[in-house]
1. I need the full set of residues from the stretch 16-27 which are loosely packed, with under 13 Cβ neighbours inside 10 Å and touching a helix residue (DSSP H, G or I) at 6+ places or on another chain (Cβ under 6 Å), in order please.
2. Determine which single condition residue 51 fails, assuming it passes every other condition in (1) surrounded by 14 or more Cβ atoms within 10 Å (Cβ to Cβ); (2) not in a helix (DSSP H, G or I).
3. Is at least one residue of the stretch 29-49 within 26 Å of residue 83 (Cβ to Cβ) and in contact with a Gly (Cβ under 9 Å, 6 or more places away or on another chain)?
4. Which condition number does residue 11 fail, the rest of (1) surrounded by fewer than 13 Cβ atoms within 10 Å (Cβ to Cβ); (2) in contact with a helix residue (DSSP H, G or I) (Cβ under 6 Å, 6 or more places away or on another chain) being met?
5. In the set 30, 46, which member is of a type in the set (Gly, Ala, Ser), surrounded by 11 or more Cβ atoms within 10 Å (Cβ to Cβ) and more than 13 Å from the chain's Cα centre (by Cα)?
6. Is it true that some residue in the stretch 89-99 is modelled with pLDDT of 75 or more, exposed (fewer than 11 other Cβ atoms within 10 Å of the Cβ) and under 30 Å from residue 22 (Cβ atoms)?
Amino acid sequence: MPDPPGLRDSLAVEWYKLRRRPLPWLLLGAMLAFVVLANLAFLLLALAPPVTPGVAAATAALRQLVAPPNSLYVTLSSVNQVGAMLAIILGATVAGGEQHWGTLRLMLTRQPDRRRYHEGRCHMV
């Protein structure tokens with residue numbers, strides 16, 4: 001199915017704007033920092049010696065979670081939860097930042113169709 005006319009240009013413009021603004025890079029850094037710190041915390045908890053006999057079973061279960069077969073699932077599930085929150089922040093700031101950056105008026109006057117502008121924005125965010 002061919003692309004609608006102007007949609008590829010709208011996507012290119014939205015991608016260009018996202019790459020040039022600092023917030024997407026800050027959110028990406030926050031996501032990576034969260035993943036690294038969460039996995040480090042799980043690993044340290046799993047490697048800690050059990051203090052009481054009742055905690056030994058919980059420590060063994062935690063060790064199984066951070067072991068290689070399950071560690072990918074734990075990492076991706078934590079990324080999914082935090083990523084959803086960061087995506088909401090990104091979408092709100094991109095939509096609200098158009099007025100501040102002055103690109104909304106320019107894009108609406110330069111696009112052949114306003115619908116293409118909104119489609120490009122929805123596909124990118």
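1. Correct list: empty.
2. (1)
3. Checked against the condition, which is being within 26 Å of residue 83 (Cβ to Cβ) and in contact with a Gly (Cβ under 9 Å, 6 or more places away or on another chain), the stretch 29-49 yields at least one hit.
4. (1)
5. Answer to the check: 46.
6. Scanning the stretch 89-99 turns up at least one residue that is modelled with pLDDT of 75 or more, exposed (fewer than 11 other Cβ atoms within 10 Å of the Cβ) and under 30 Å from residue 22 (Cβ atoms).
Per-residue answers, yes or no, for (1) in a helix (DSSP H, G or I); (2) aliphatic (A, V, I, L, M); (3) over 21 Å from residue 30 (Cβ atoms); (4) within 12 Å of the chain's Cα centre (by Cα):
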{"position": "61", "(1), (2), (3), (4)": "yes, yes, yes, no"}
{"position": "65", "(1), (2), (3), (4)": "yes, yes, yes, no"}
{"position": "73", "(1), (2), (3), (4)": "yes, no, yes, no"}
{"position": "76", "(1), (2), (3), (4)": "yes, yes, no, yes"}
{"position": "82", "(1), (2), (3), (4)": "yes, yes, no, yes"}
{"position": "87", "(1), (2), (3), (4)": "yes, yes, no, yes"}
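Condition check ((1) of a type in the set (Val, Ile, Thr); (2) more than 19 Å from residue 76 (Cβ to Cβ); (3) modelled with pLDDT under 80) across all residues:
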| residue | (1), (2), (3) |
| --- | --- |
| 1 | no, yes, yes |
| 12 | no, yes, yes |
| 17 | no, yes, yes |
| 21 | no, yes, no |
| 34 | no, no, no |
| 43 | no, no, yes |
| 47 | no, yes, yes |
| 53 | no, yes, yes |
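The values are calculated or read from the model by the stated rules, or taken from the named source; none is laboratory data. Everything numeric here is computed off the predicted structure, so don't read it as measured data. Ideal geometry is used to build each Cβ from the backbone, glycine not excepted, and the neighbour counts take in all protein chains shown.
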